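Asker: Before anything else, here's the structure in question.
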Amino acid sequence: MAEVELLSTPRDTEISDVTCDSFRVTWEMPREDASRVTHYFIDLSRKEGSEHNRFKHRDVPTKLVAKAGPLPMAVRGHWFLSPRTEYCVAVQTAIRQPDGDYQVSEWSQVVEFCTGDYAMEHLQQLLDKAQAAAGRLLRLSVFYRNQSPEYFHYVRSECGGAMLPSFKDNSGSHGSPINGKLRGVFLGCNTEFDTGLPPKDSPYGPLRFQISADRVLTPSTNLYFADFYCMYTAYHYVVLVLAPAGSEGDSFCKSRLPRLDLSSNPFLTFTSGDAPAFCHASDVILEVLYTEPLLLEHGILVQISGHHQLMSLSTANAKKDPSCKVCNISVGR
């Protein structure tokens, strides 16, 4: 009986064209192997807590079996990949035998890569879902920021009275392009149905900075949609970015986030004229990231109460509910 010629171990594995939910993989193999190989085996795992070379044995079916074809091979839809997540990949080549078994190579070395942020098409899907949940528009007159007395003392004593932009945390959708990358000052603008005023309570602190809406939202300000999420509650949040035209924040958002028409969108509108009108969506909580410093002297500080009862509503580094059908899309959380 003739001795079976073994397949060489794939080498120089490379990952390219990485998105939030896909990638391409290629490797080197001898020409004589390429002419005989009928299938590729690919194994993938999250890097977190993983051990290199912990893949299945060579005689056990792997997670993905694909017919051999030109390299690089596109991998999309085979796994539910999450955005901004580190993965490990190993590949194996195989020849399908007449009896259905496979002659396989050894596993390649493990290659690591990280998936990307949501692309514009994914954010548009989130935007479409958010629009359906926004509700009717209500009038607003101020933007506000709720914080502790210690925060405002620090702003006065260390920052010259200016609330300075800081990096957006990782709350909300894991794939939002602004998480950890865009600086801003978070503001609220929702009002209560019965009073038309900001809520009396807040999970963020007993002091509220209020600034007239026309100091923040002007005809020269660009508005962008950044996220839509919930935290295992009935409340849904929409994250918007306000960036003065031509600013560093505006440049960041232009190629990454859907831009909204200031005068006509479901979330936050501004109508200019002799009596400018400002409105906000009634059925979602808006988190507005303003990309420039805000001076305390341009607004007022007021005392509010009851914030200790609402700590569950804080969105600081909050994780998105991956099971919610209202605010999730089909490319990871």
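Asker: Can you find, within the range 167-194, the residue that is farthest from A318 (Cα to Cα) among those that are surrounded by fewer than 20 Cβ atoms within 10 Å (Cβ to Cβ) and among the charged types (D, E, K, R)?
Answerer: D194
Asker: Same structure again: Go through the range 153-195 and give me each residue that's assigned to a helix (DSSP H, G or I) and not basic (K, R).
Answerer: H153, Y154, V155, S157, E158
Asker: On to the next question. Suppose we filter L240, L262, L268 for residues that are in contact with a His (Cβ under 7 Å, 6 or more places away or on another chain) and either more than 22 Å from C20 (Cα to Cα) or surrounded by 22 or more Cβ atoms within 10 Å (Cβ to Cβ) (or both); which single one remains?
Answerer: Going through L240, L262, L268 in turn, the sole match is L268.
Asker: Shifting gears a bit: If only one of A34, A68 is open to solvent by 20 Å² or more (accessible area, probe 1.4 Å), farther than 30 Å from S330 by Cα, modelled with pLDDT of 65 or more and assigned by the TED database to the domain that holds S108, which one is it?
Answerer: A34
Asker: Which one is modelled with the lowest pLDDT among residues in the range 222-234 that are closer than 23 Å to P177 by Cα and open to solvent by 10 Å² or more (accessible area, probe 1.4 Å)?
Answerer: For the range 222-234, the residue satisfying everything is Y232.
Asker: Something else: How many residues does the range 96-124 hold that are open to solvent by less than 70 Å² (accessible area, probe 1.4 Å) and not hydrophobic (A, V, I, L, M, F, W, C)?
Answerer: Going through the range 96-124 one residue at a time, the tally reaches 10.
Asker: Based on this model, can you work out whether S272 counts as of a type in the set (S, T, Y) and either under 20 Å from E192 (Cα atoms) or modelled with pLDDT of 95 or more (or both)?
Answerer: So S272 fails the test.
Asker: For the range 145-165, indicate whether the set of residues that are farther than 14 Å from L301 by Cβ, open to solvent by less than 10 Å² (accessible area, probe 1.4 Å) and out of contact with any Pro (no Cβ under 7 Å at 6 or more places or on another chain) is non-empty.
Answerer: no
Asker: May I ask you to verify whether C253 is out of contact with any helix residue (DSSP H, G or I) (no Cβ under 8 Å at 6 or more places or on another chain), in a strand (DSSP E or B) and touching a residue at least 24 places away in the same chain (Cβ under 8 Å)?
Answerer: Answer is no for this residue.
Asker: Answer with yes or no whether V89 is open to solvent by less than 30 Å² (accessible area, probe 1.4 Å), within 29 Å of the chain's Cα centre (by Cα) and within 28 Å of S35 (Cα to Cα).
Answerer: yes
Asker: If you don't mind, another one. Read through the list (1) outside any strand (DSSP E or B); (2) not assigned by the TED database to the domain that holds H280, then give the number of the only condition that A132 fails.
Answerer: In the conditions (1) outside any strand (DSSP E or B); (2) not assigned by the TED database to the domain that holds H280, A132 misses (2) alone.
The values are calculated or read from the model by the stated rules, or taken from the named source; none is laboratory data. Since this is a predicted model, take the numbers as computed values, not measurements. Please note: Cβ atoms are built from the backbone with ideal geometry, for glycine as well, and neighbour counts cover all protein chains shown. These accessible areas exclude ligands, DNA and RNA; they are computed on the full protein's heavy atoms, side chains included. Shrake-Rupley method; radii C 1.70, N 1.55, O 1.52, S 1.80 Å.
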